[in-house]
1. Filter region 40-81 for residues that are among the polar types (S, T, N, Q), exposed (fewer than 13 other Cβ atoms within 10 Å of the Cβ) and at pLDDT below 85 and give the result.
2. What is the residue count in region 12-43 for residues that are among the aromatic types (Phe, Trp, Tyr) and farther than 20 Å from residue 92 by Cβ?
3. Filter region 94-122 down to the residues that are touching a helix residue (DSSP H, G or I) at 6+ places or on another chain (Cβ under 8 Å) and in a helix (DSSP H, G or I), then identify the one that is surrounded by the most Cβ atoms within 10 Å (Cβ to Cβ).
4. Can you tell me which residue among 19, 42, 5 is in contact (Cβ under 8 Å) with a residue 40 or more places away in the chain, part of a helix (DSSP H, G or I) and not small (Gly, Ala, Ser)?
5. Anything in region 149-161 that is exposed (fewer than 12 other Cβ atoms within 10 Å of the Cβ) and either free of Cβ contacts under 8 Å to residues at least 12 places away in the same chain or within 20 Å of residue 89 (Cβ to Cβ) (or both)? List them, or say none.
6. Would you tally the residues in region 123-161 being in contact with a strand residue (DSSP E or B) (Cβ under 6 Å, 6 or more places away or on another chain), among the hydroxyl-bearing types (Ser, Thr, Tyr) and assigned to a helix (DSSP H, G or I)?
7. Here is a list of conditions, (1) of a type outside the set (Val, Ile, Thr); (2) within 20 Å of residue 31 (Cα to Cα); (3) exposed (fewer than 15 other Cβ atoms within 10 Å of the Cβ), and residue 131 meets all of them except one; can you say which number that is?
8. Right, residue 80: under 21 Å from residue 31 (Cβ atoms) and without any contact (Cβ under 8 Å) to a residue 40 or more places away in the chain or not?
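The values are calculated or read from the model by the stated rules, or taken from the named source; none is laboratory data. Quick caveat, the model's predicted, so the values are computed rather than measured. Note: ideal-geometry Cβ built from the backbone for every residue, glycine included; neighbour counts use all protein chains shown.
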Amino acid sequence: MNRSKFCMQLGSDYEHVKKLYADVNVRKYLGGIIPEIHALNKFMETLDRANRHQSFYWAVTLKENNTFIGLVSLENHRDGLHMEVSYEFSPNNWGHGYAEEVIRRLILYAFKELNQSKLIAEIQSANLSSCRLLEKVGMKAEQTLYRYGAEQVITAYRTDR
C-alpha cells in the first residue's frame, strides 16, 4: 500500500522543511532544533549536494492531497563505505505507517537503482520508535557507539539476507 509519494526536494519545499527543523519533537534525537538563522543555509547545502549527485533528498507527500509530511534521504554515511537512509516526519503523521512505507521503497531503490549491497541507518539508542521502525523494515543492529553526545546504533540492511 503506497499512500504517500516522494519527489526530489525543491526550493519550494523550504517552508515545510523549516518547520521540521524547528520542531523540538522531530529534532529530539537529531541534535536539537536548527535555528531559523541557520535553516536556510542547511537547506541550500542539502539541495547543492543533491544537485551534485552526492546525495538524494526527497520531500514526502500524501498521494490523496499532496500534503507535505516529511523528508527522506540517501547519502554517504560518515564511514565513507555505505549509503545511509535518514528521515524526518512531522509529528502529526507519526504512527500511521508512512515512514515504514517510504523506507521500504527507499531500500528497494538503493539496491535496485543504486546497486548498493548494504544500506545503513545511524540512530540514537534512546529513539525507541525509530529503532522499532528500522527493525520492522528488516534492518539489524550491527554496532553501538558513542557519537554526537549520545549512544548510537548502526543498523543495516544487506542484500545477502
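1. Within region 40-81, 41, 51, 54 qualify.
2. Residues that pass the stated criteria total 1.
3. The residue in question is 99.
4. 19
5. 149
6. Qualifying residue count, region 123-161: 1.
7. So residue 131 meets the others, but not (3).
8. It is true that residue 80 is under 21 Å from residue 31 (Cβ atoms) and without any contact (Cβ under 8 Å) to a residue 40 or more places away in the chain.
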